[in-house]
2 protein chains.
Amino acid sequence: MIIDCHGHYTTSPPQHREFREAQLAWLDDPSGPAPERPDIGDDVIRATIENGQLKVMRERGGDLTVISPQASAMAHHVPDPGVAREWAQACNDLIHRVTGLFPEHFAGVCQLPQTPGGGLDDVTAELRRCVEELGFVGCNLNPDPSGGHWTSPPLTDPYWYPLYETMTELDVPAMVHVSQSCNPAFHTLGAHYLNADTSVFMQLVETDLFDRFPTLRFVIPHGGGAVPYHWGRYRGLAVRMGRPDPTERLLDNVFFDSCVYHQPGMNLLLDVVPRDNVLFASEMLGAVRGDNPDTGASWDDTKRYIDRADLPGADRDKIFETNARRVYPRLDARLKAEGR
Amino acid sequence: MIIDCHGHYTTSPPQHREFREAQLAWLDDPSGPAPERPDIGDDVIRATIENGQLKVMRERGGDLTVISPQASAMAHHVPDPGVAREWAQACNDLIHRVTGLFPEHFAGVCQLPQTPGGGLDDVTAELRRCVEELGFVGCNLNPDPSGGHWTSPPLTDPYWYPLYETMTELDVPAMVHVSQSCNPAFHTLGAHYLNADTSVFMQLVETDLFDRFPTLRFVIPHGGGAVPYHWGRYRGLAVRMGRPDPTERLLDNVFFDSCVYHQPGMNLLLDVVPRDNVLFASEMLGAVRGDNPDTGASWDDTKRYIDRADLPGADRDKIFETNARRVYPRLDARLKAEGR
């Protein structure tokens, strides 16, 4: 089967977006009652998926997408902890509705109620709720809740350990994924996302985080930012710094998704990153929509690029299925229970 | 001939570094006299180059390096304008000593006395001094003088126009190059440098800066950060944003150096970026030193990767020489005057 490990519910119903707007308006003027979550009918949710992600999956040949709330809308820069908690719960409950309506095709990954500099109690509680009560298989972890000001400590800092302890206990990975940029220097989709991927990889090169958390697993999205393109730079830098070669040290714990939107980039990813460490993903419907005028194919039809890379069958199976089942063991367990 | 467009004087004499330390100490306690620049003998400078950059150029087969002060030591985050001016002048004067001692092998590119949020009068004055009095052929422009806090406006903001007017008048390009990171989230060499390259390219995608400055030229170092690896992402994003395809719009003004430290990365760069837009560079002696254990060759021997890419002769000439002569016309004029 073909598992896409990186999808977002970018087609969420307008009622959900209106709730968010009302929530932010209420933050500005809390004199009235806090807004209540909207009633959204199953048919509304079903239509957004059937005409969106599922339609594209069927066209391209995907079986299951690991779906999470829209990343750019997580907006962890909004500092109110109550609003962050309520917004994350609303987003995650909506993902749960999607996975309930289409259990064959979607598994949930949760948004965490992070805030800049905030404590992690709400974060770990929401992760636990989503995994234990809603059946989610992972989380998205934002290394920069400030939204482009990078005021939080590196992901290797003890600040984050309570989350890692919960992730380890629940045996779920995190995709490292920032949200919208509030810094005009960084375009959200064209700079901030990729910079975060690059920065976090280097944070991991610098430290021994996985000595402390040997089963902790991170998926670095967007093909790993700049990392595979600069694979030699990272190997050389690590040696110069007296650190282990990342090609040996990090690969039990760090994985790259395949959201690279042209054939040469995909070829590079598959050439330099060990194939045990690449997970198929398209981030569909995501940052880049539309077709490459040179090929007529969708930019984000990453399956097409992998197909054309002409890998041995065993490597294809890893990238399309078995790596994801290994990194997301709760997904694997669910699929096995379903006989898949 | 083979022109390396990206070298730094990372082997500068200890007296120069001691002057900087004294300068920073004086900033902390300005009760005594300001430190004076050291006398450094020609033989000292000659030795640093002959045993450093020039030795490696001879080993690898390079003819001329466009050399600038050590990038990580520019330290534009230090906010005192007088100290920034004095430090930039000291660094640039030292580069001028190098180019005077080895005119056959080096051409100068200057450090600008930038400060976070500071005015650009000193910046344009120092650029003019270096070009008109010292014979420099370009400058390094730091898009983030804060050193990892990204508090300056994007390079497309009118804030920067006075510099662009001077660059245009003098007909010199800028290499977009940050300095050391003061933000623990960003490793200087493994994240901050690459993030800056990526971010600035996207700033340029977003705007029509080159309508206003049609002859302005930027060299984006480190192989363009994440950009060539995500070439499809940028093309698709631009179309989605209603912007021109960057492969058509930006290539009269934006160039990528070849500081990519492994063969697959170099192959990708040469595959996706038009060969009129790639300039040979190694950043030697720079971020990554030492040898790839798999090949026994130096990580930053980028000439080796280009040689092995087996390009047609005309494309090799562009990348090794003629693109640099086009982007740095003052270098071309000097070489022509020397009959080279």
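Most mobile of B:Gly119, B:Gly147, B:Gly41 per a Gaussian network model of chain B (Cα springs, under 10 Å)?
B:Gly41
Just from its helices, what would the mean residue ellipticity at 222 nm be for chain A, if runs of 4 or more DSSP H residues each count -39500 (n - 2.57) and the sum is divided by every residue, rounded to the nearest 500 deg cm²/dmol?
Calculated at 222 nm, the ellipticity per residue is -11500 deg cm²/dmol.
Report ³J(HN,Hα) in whole Hz for each residue of region A:142-151, in order, from the Karplus equation J = 6.51 cos²θ - 1.76 cosθ + 1.60 where θ = phi - 60°; Gly and Pro get x.
Rounded to whole hertz, the list is 8, x, 9, x, 5, x, x, 9, 6, 9.
State the extension gain, in nm to one decimal, for the chain segment bounded by A:Glu133 and A:Ala34, taking 0.36 nm per residue of separation less the distance between their alpha-carbons. All intermediate terms of the calculation are to be shown ahead of the outcome.
Working: separation 99, 0.36 × 99 = 35.64 nm, distance 2.56 nm.
Contour length minus Cα-Cα distance gives 33.1 nm.
For region A:100-131 and region B:110-124, write down the distance between their C-alpha centroids in whole Å.
For region A:100-131 versus region B:110-124, the Cα centre distance is 46 Å.
Tell me which GluC sites (Glu not before Pro) from region A:1-109 have a DSSP coil assignment and no more than 12 other beta carbons within 10 Å of their own. Walk me through the numbers before you get to the answer.
Numbers: sites: A:Glu18, A:Glu21, A:Glu36, A:Glu50, A:Glu59, A:Glu86, A:Glu104; in loops: A:Glu36, A:Glu104.
In loop regions of region A:1-109 (DSSP not H, G, I, E or B), the sparsely surrounded GluC sites (Glu not before Pro) are A:Glu36, A:Glu104.
Quick check on packing: order B:314-325, A:285-296 by the mean number of other C-beta atoms within 10 Å, highest mean leading.
Values: B:314-325: 19.8, A:285-296: 16.1.
By packing density, highest mean first, the sequence is B:314-325, A:285-296.
What does the structure give for A:146-155 when I average, per residue, the other chain Cβ atoms found within 10 Å of the residue Cβ?
3
When the distances between all Cα atoms of chain B are binned every 20 Å from zero, what whole-number percent does each bin get?
In order of increasing distance, the bins hold 32, 60, 8, 0 percent.
Sorted from shortest, what are the nm distances separating the label point of A:Thr11 from equivalent points in the other copies, each placed 7 Å from Cα along Cα to C-beta?
6.0
Let's test the formula: R0 of 45 Å, r as the Cβ-Cβ distance of B:Tyr159 and A:Tyr161. What FRET efficiency results, to the nearest 0.05?
Values: r = 41 Å, r/R0 = 0.91.
In this case the efficiency is close to 0.65.
Would you kindly work out, in nm and rounded to one decimal, the distances from the label point of A:Pro274 to those of the same position in each other copy, ordered shortest first, with label points 7 Å along Cα-to-Cβ?
Counterpart label points of A:Pro274 in the remaining copies fall at 4.1 nm.
What residues qualify as long-range amide H neighbours of A:Ser152, i.e. H under 5 Å apart, gap of 5 or more or another chain, H built at 1.01 Å from N?
So A:Ser152 has HN proximity to A:Ser146.
Taking all pairs of different Cα atoms in the protein assembly as shown, averaging 1/r and flipping that mean, what Kirkwood radius in angstroms comes out?
26.0 Å
Under a GNM of chain A (C-alpha, springs under 10 Å), which listed residue has the highest mean-square fluctuation: A:Asp307, A:Asp252, A:Asp208?
Per the Cα network of chain A with a 10 Å cutoff, A:Asp307 tops the list.
Enumerate the lysines that B:Lys336 could reach by cross-link, defined here as Cα to Cα under 17 Å, with residues fewer than 8 away along the same chain left out.
B:Lys318
Distance from the Cα centre of region B:284-340 to that of region B:187-219, in angstrom?
22 Å
Give me the Kirkwood hydrodynamic radius of region B:71-128 in Å, from all C-alpha pairs, to one decimal place? Mind dumping the intermediate values first?
Values: mean 1/r = 0.0842 Å⁻¹.
One over the average 1/r among Cα pairs gives 11.9 Å for region B:71-128.
Would you mind pulling out the separation of the Cα centroids of region A:40-55 and region B:164-184, in Å?
Centre-to-centre distance over Cα atoms comes out at 49 Å.
Distances from A:Leu24 to the same residue in each other copy, label points 7 Å out along Cα→Cβ, in nm, shortest first?
Sorted ascending, the copy-to-copy spacings read 4.1 nm.
Amide H neighbours of B:Leu279 under 5 Å, counting only residues 5+ apart in sequence or on other chains, H built in-plane at 1.01 Å?
Counting only residues 5 or more places away or on other chains, the set is B:Phe256, B:Asp257, B:Ser258.
I need the phi-derived Karplus couplings for region B:185-195: 6.51 cos²θ - 1.76 cosθ + 1.60, θ = phi - 60°, integer Hz, Gly and Pro marked x.
Going residue by residue, I get 5, 10, 5, 3, 8, x, 9, 4, 4, 5, 4 Hz, with x marking Gly and Pro.
Can you give the % of DSSP beta bridges in chain B that are antiparallel, to the nearest 5? If you can, show how the numbers build up before the last one.
Working: 1 of 22 bridges.
That works out to approximately 5 percent antiparallel.
Does region A:4-116 classify as rounded, prolate or oblate by the C-alpha gyration tensor (a ≥ b ≥ c root eigenvalues; a/c under 1.5 gives rounded; else a/b over b/c gives prolate, otherwise oblate)?
Working: a/c = 2.67, a/b = 1.85, b/c = 1.45.
Prolate, since a/c reaches 1.5 and a/b exceeds b/c.
At a Förster radius of 35 Å, what calculated FRET efficiency corresponds to the Cβ-Cβ distance of B:Glu338 and B:Asp291, to the nearest 0.05? Each step should come with its number before you reach the end.
Values: r = 35 Å, r/R0 = 0.99.
The pair B:Glu338/B:Asp291 has a calculated efficiency of 0.50.
By its C-alpha gyration tensor, with a ≥ b ≥ c as the square roots of the eigenvalues, how is region B:135-239 shaped: rounded for a/c under 1.5, else prolate for a/b larger than b/c, else oblate?
Working: a/c = 1.66, a/b = 1.18, b/c = 1.41.
Verdict is oblate for region B:135-239.
Pop out the Kirkwood hydrodynamic radius of region B:50-170 from its pairwise C-alpha distances, inverse of mean 1/r, in Å to one decimal.
Working: mean 1/r = 0.0665 Å⁻¹.
About 15.0 Å, per the Kirkwood formula over Cα pairs.
Which lysines have a Cα lying under 24 Å from the Cα of B:Lys55, excluding residues fewer than 8 positions away in the same chain?
B:Lys303
Every read-out reported here was derived from the displayed coordinates using simple, explicitly stated rules and does not represent laboratory data. In this text, all values refer to a predicted model and were calculated from it rather than measured experimentally. As a convention, Cβ positions derive from the backbone with ideal geometry for all residues, glycine included, and neighbour counts pool all protein chains shown.
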